[in-house]
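Asks: Dropping the structure in here first, questions after.
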Amino acid sequence: MNQKLILAGAGSLFGHEKILESFRSLGFDPVFVEVPYIKKYMSQQNHDGTLDDRTIVFTEELESREPAIVIPLSEYWISKCAQLDPREPSGTKIQCLISDVALKASRSKKILYEVLKSAGFTVPRIFADAQEAREFIAKSHGRVVVKPEGLFSGYGVKVVGTENLEKLEQYEYNACNVHNNAIKLFRISSSNALITQALEGTEYSADVFFFRGKVSIVRVCRKVIVNIHDSPCTAICQLVECTTAMRQAIEGWCHAIFGGQDVTFGQFDFIDMNLKTEYAPEARAETRPADFAPIDFACRIGGGMAELLSKYERETGINVYARAVGESSFPQNSCNSACKKNPEELYWTQHNYLSTKSGTLKDEVENLSRGLVNGKAFIYKHKNDFVPECPSSAASRIAVVVNRTPLLHGKDGLLAAEKLLVGEDAVEFWKNSRGKRPAD
């Protein structure tokens with residue numbers, strides 16, 4: 001009899017039937033679950049047009065009439081997994097086959113960095129306090145990142161350098177005092193701030209599937225980051241090849257974090273510190289595993305990539321999650337060749353339209369002065385909708401466009417990213433005479 005598997009977070013994925021079939025091939029009896037409040041958003045998030053929510057169980061809790069294991073796909077379900085006792089015997093009703101280390105590293109960047117550093121990997125330097133960070137900036141003219149130790153999706157993250165050094169202590173205080181609905185809903189405890197060195201280089205994001213000691217790469221995306229009021233935001237991401245050196249680094253991090261019998265997805269944000277690959281991307285073959293440093297991790301799939309990856313599936317027939325699960329018994333040495341550039345040297349690219357000012361949109365985003373770039377458009381904010389000035393999550397984006405472009409890097413990447421920023425000319429100040437924010 002196949003073991004029951006609960007895939008917790010159906011709203012985070014697309015192409016559900018393909019993914020279920022891949023898990024069946026591993027000997028599981030899989031089922032998707034999701035919290036009820038997500039259901040109303042799923043039709044909008046259903047980018048491939050194949051969602052049948054009759055195959056999804058809507059519930060706020062992990063429940064099963066028979067023994068089952070659970071794989072969390074979103075932060076809500078990581079919280080539920082963290083409440084399970086991994087030390088209970090295997091006969092218990094529901095188990096999360098994720099190591100204590102991985103669950104704790106998902107909610108503490110300090111623990112993540114300490115675990116990986118002890119395993120010999122390069123990680124950002126952690127400063128003892130704001131004064132030590134100040135001395136580093138003054139001496140090296142470098143930058144630091146101030147962030148809540150236990151949050152996710154960029155909430156409360158600020159970058160500080162010589163140009164805004166006077167804000168360091170205020171940002172540290174703010175990072176210790178982030179209060180939002182996600183913290184309450186997910187029962188997250190985050191009262192500490194972390195100040196780390198900002199590593200210079202190109203930022204990437206990767207999803208993996210870890211299956212009993214074997215690592216399959218789901219996808220790798222190269223990012224173009226812009227600073228909006230000192231907050232780093234992903235404006236552009238491009239689906240790129242997972243090089244041998246990159247794969248070796250990711251595999252090493254996985255084996256340091258996960259247990260040998262774990263079954264889970266994982267997501268890493270990391271920096272390629274080899275500057276040659278930024279200004280001469282053809283030099284990426286020269287990178288070594290030591291050139292890559294992780295800056296964030298979670299034992300779930302990465303968020304904010306559904307538009308890109310679902311469009312990729314519609315064009316190629318490849319569901320990257322199903323492929324990675326299906327290949328987990330015999331993982332490839334690198335990402336599938338379909339992830340590489342096509343013969344015209346174009347890459348699958350996602351453009352995120354972001355607001356630089358809190359307020360309400362004056363008009364539909366399609367009618368803004370610059371309009372939208374050509375490609376498949378997904379519109380999430382409309383005229384009179386509220387938009388935040390520091391978009392810290394995928395839900396904050398005004399619109400997304402997916403197309404194929406050359407690799408965007410250096411000045412070309414920043415110029416392309418700046419065209420995605422929606423500011424003063426398109427957003428009205430949101431406070432009314434009573435100083436209250438209108439309904440979203």
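Asks: Taking the solvent-accessible surface of protein heavy atoms with a 1.4 Å probe, what is the per residue accessible area of the stretch 97-156 in Å²?
Replies: Ligands and nucleic acids excluded, the figure is 46 Å² per residue.
Asks: Still on this structure, please answer the following. Show which aspartates and glutamates lie in cross-link reach of Lys357 when reach means a straight Cα distance below 16 angstrom and same-chain residues fewer than eight apart are skipped.
Replies: By straight Cα distance, Lys357 reaches Asp230, Asp385, Glu389, Glu418, Glu424, Asp425, Glu428, Asp440.
Asks: Out of residues 5 or more away from Ser99 or on other chains, whose amide H comes under 5 Å of its own, with H placed 1.01 Å from N in the peptide plane?
Replies: The list, which skips near neighbours in sequence, is Gly259.
Asks: Could you report the stretch 228-321's accessible area per residue, 1.4 Å probe, as an integer in Å²?
Replies: Value for the stretch 228-321: 32 Å² per residue.
Asks: Considering only protein heavy atoms and a 1.4 Å probe, what is the carbon-and-sulfur percentage of the accessible area of the stretch 214-264?
Replies: Using a 1.4 Å probe with all protein chains present, the stretch 214-264 comes out at 45 percent carbon and sulfur.
The values are calculated or read from the model by the stated rules, or taken from the named source; none is laboratory data. As the structure is a computational prediction, the values presented were derived from the model and not from experiment. Side chains included, ligands, DNA and RNA excluded: accessible areas come from the protein's heavy atoms. Shrake-Rupley method; radii C 1.70, N 1.55, O 1.52, S 1.80 Å.
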